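The values are calculated or read from the model by the stated rules, or taken from the named source; none is laboratory data. Note that the structure is a prediction, hence the values are computed from the model and not measured. In this analysis, Cβ positions are derived from the backbone assuming ideal geometry, glycine residues included, and neighbour counts consider all displayed protein chains.
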Amino acid sequence: MRIAAVIAALAALAVLPQLISPYYVTLVLPAFAYGIALLGFNLLFGYTGLLSFGHALFVAVGAYSAAVLTAKLGVKSLEAIMLVSALAAVLVAIPVGLLSVRYVRIFFGILTLAFGMLFHSFLFKFYNLTGGDTGLRVLRPSLFGFAFPNLDKTSFLVGPFYYYCLGLLAVMGLVMWRVVGSPFGLQLTAIRENRRKAEYLGVRARLFCMIAFAISAFYCAIGGVILAVNTGQADPDLAYWTHSGELVFMTVLGGFAHFFGPLVGAFAYVFLKSQLMSVTEYWRFVMGAILVVIVVVLPRGLIGIAHDAWAKVKRS
Amino acid sequence: MSAFFDILLGGVFHAAVLFLVAAGLQLIFGVQKIVNLACGSFYALGAYFGVSAVAFAVSVGAPAYLFLPILLVAGLALGVIGPPIEALLRTVYRRDEAFQLLLTFALVLMFQDILRFFFGANPQQLGDMVMLYGTLSAGTVLVPTYNALVIVASIAIAFGLGAFLKRTRFGRILRATAENREMSQAVGVNVGRVYATVFTLGTVLGTVGGALVVPTAAASLDMPVELVVEAFAVVVIGGLGSMRGALIGALIVGMMRALAIRYYAELEMLAIYVVVIAVLIARPAGLFGRPVE
């Protein structure tokens, strides 16, 4: 049943570019990027119970690594870029995580926010290295060694790049599925439910939180690379704390208690935001109001609504 | 020597304003256990509303030198938004902190557009009103009287708040509720009313802070999200929930900022966060915070 739904969703996404205009296809790309980032983010938030308000930091590390690699060092292979960016994010995540996972609950959130802003001010102020507020350009990478020189920017993005990202999302989703189902994933859940009790049972809580933190940074950086290739730009706003807030928003919108919640949330958020922006300049207000409703009335998110609706259908 | 005093006064002035916002944040965290991301939004609201209130008062014939009391009244009047927002937050008191934080984040998003709707996207300023009060001088050191007044007002508020929390009956009730909500309720404290009062007080500290700063800095739409970052640095350095921590944290952050602006502007926020992280490594709970587990 669940496998059938996943295959149906992947098939629908695969035929989507044939059905809708290129503009809407380019909207799906950030949803892929956020989907990958949130898979990692939710390992920390949904499964381990640690709410980070600074994970935009790792998205920005991914985006800036892509910029430096493509525009300054001439590396064009997307596989190499993703690997290097993700490893860079893990390198950053180790000291940040070591300091942050000593804390739980709200203190963890504030500390990660502080680290995110530290990186933001670094990006913002060190103009020579990072391009300051304008950021850095990200050049088009090659996919598995193919550069697609005869495609213009849009046809590259909605063509090969789209399918590349779809495949990447599927692979990284599958890996994360195995991670959360593994003994490691179950121990993370035990830490979330009762950290002290888990420690008594021999779970090395701090180490495991640290590993979850590093994995989440890895995923967020890959999401950041895709975002940056899509826009052709890496700018400091990617690291700003409100962007971290958006990551949390998406996760809760979809439903953090469910494996597929963040993916649903990423697609819903990106679509909702673009629609609202085209209708009103006050889209932030509407998004805020939606978040209020989700938090107060529907804490299980869109997946929760779908679950209840499905249960009702089955009963009748 | 005069450069030294310039930096000192600039730092203390910034610290005075930052303290007000951070005190509001600490008060709400101490009692309601909610970290209010919207503290910066209240601050910006105070700033914008202060500009409008002074402009309105001057247009109906009030003398311009009254702007300081007008700003104070404008900041205090914004306390009316406290109770309705507290009523919204009340729905999540018993929920996970993630939801509480997200709800205040939703307020940040909404306030961003509320400010845009009422005051427009362009920054707003009061003009040169600060100069109306002249400057104080001691030897070669010059300080605008207005800045000195704000510093004095902030110190007065700090002492007033301390006396209120320590010596009054309501202050004791408030601290008891912060310590143990259920027990206070059991001995007959109206916890709902305490929460509404505390939240309103925290809001007013933020709006007054914003109103007082606006003669020296423009009110802009970046204000809410930028201030949160500094206010958080203050409470993390000082220790979450501690009033003394807010005071010392504000002084540290204010001075760091003044020093960085003077000598190496690139380091402004970076320097503040280096201090934040240094404090956290040495004293994880902040300078005056209680250890957490």
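Looking only at residues that are of a type in the set (F, W, Y) and more than 13 Å from the chain's Cα centre (by Cα) in segment B:223-273, which one is farthest from the other protein chains (Cβ to nearest Cβ)? Spell out the reasoning first.
First, pick out the residues of segment B:223-273 that are of a type in the set (F, W, Y): B:232, B:263-264, B:273.
Imposing the further condition that a residue be more than 13 Å from the chain's Cα centre (by Cα) reduces the set to B:263-264, B:273.
Values: B:Y263: 14, B:Y264: 10, B:Y273: 4 Å.
So the residue we want is B:Y263.
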* Scan of segment B:83-129 for residues that are surrounded by 21 or more Cβ atoms within 10 Å (Cβ to Cβ), away from chain A (no Cβ under 11 Å) and at pLDDT below 85, ordered by number -> B:L126
* Asked: Of the residues B:T207, B:T140, B:T177, which single one is among the polar types (S, T, N, Q) and within 24 Å of B:F111 (Cβ to Cβ)?
  -> B:T207
* Asked: Hey, does segment A:17-30 have a residue that's surrounded by 24 or more Cβ atoms within 10 Å (Cβ to Cβ) and of a type in the set (G, A, S)?
  -> no
* Is there a residue in segment A:19-36 that is under 23 Å from A:I94 (Cβ atoms) and of a type in the set (A, V, I, L, M)? -> yes
* Structure fact -> Result of the Cβ filter at 6 Å on segment A:239-254, keeping first residues that are at the interface with chain B (Cβ under 7 Å from one of its Cβ atoms) and partners that are in a helix (DSSP H, G or I) and aromatic (F, W, Y), at least 6 apart or interchain, is A:G245/B:F105
* Which ones in segment A:56-109 are touching a helix residue (DSSP H, G or I) at 6+ places or on another chain (Cβ under 6 Å), of a type in the set (A, V, I, L, M) and farther than 24 Å from A:L129 by Cβ? -> A:V101, A:I106
* To do: Of the numbered conditions (1) farther than 18 Å from B:F105 by Cβ; (2) within 14 Å of chain B (Cβ to nearest Cβ); (3) not in a helix (DSSP H, G or I), A:L298 fails exactly one; give the number of that condition.
  => (1)
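Inside segment B:163-242, counting only helices (runs of 4 or more DSSP H) that do not spill past its ends, which hold 1 or more residues that are without any contact (Cβ under 8 Å) to a residue 12 or more places away in the chain and among the acidic types (D, E)?
Details: elements: B:169-179, B:181-186, B:191-213, B:223-238.
In segment B:163-242, the matching helices (runs of 4 or more DSSP H) lie at B:169-179, B:181-186.
Just a yes or no: is a residue in segment B:222-235 more than 30 Å from B:L126 (Cβ to Cβ) and surrounded by 17 or more Cβ atoms within 10 Å (Cβ to Cβ)? Break it down stepwise before answering.
Within segment B:222-235, the subset more than 30 Å from B:L126 (Cβ to Cβ) is none.
Among the residues of segment B:222-235, not one is more than 30 Å from B:L126 (Cβ to Cβ) and surrounded by 17 or more Cβ atoms within 10 Å (Cβ to Cβ), which makes the answer no.
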* **Residue that is in a helix (DSSP H, G or I) and over 23 Å from the mean Cα position of the chain (by Cα), where the choices are B:L78, B:L71, B:L132** => B:L132
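Just to be sure, is A:S77 crowded, with 24+ Cβ neighbours inside 10 Å and either under 18 Å from A:A221 (Cα atoms) or of a type outside the set (V, I, T) (or both)?
Judged against the criteria, A:S77 is not a match.
Among the residues that make up segment B:123-132, is at least one of them of a type in the set (A, V, I, L, M) and without any contact (Cβ under 8 Å) to a residue 60 or more places away in the chain? Outline the logic, then answer.
As a first pass, look at segment B:123-132 and keep what is of a type in the set (A, V, I, L, M): B:126, B:129-132.
Still in the list and also without any contact (Cβ under 8 Å) to a residue 60 or more places away in the chain: B:131.
Yes, because at least one residue in segment B:123-132 is of a type in the set (A, V, I, L, M) and without any contact (Cβ under 8 Å) to a residue 60 or more places away in the chain.
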* Selected residue (only one of B:V21, B:V54 is more than 10 Å from chain A (Cβ to nearest Cβ), out of contact with any strand residue (DSSP E or B) (no Cβ under 6 Å at 6 or more places or on another chain), in contact (Cβ under 8 Å) with a residue 24 or more places away in the chain and more than 23 Å from B:L174 (Cβ to Cβ)) -> B:V54
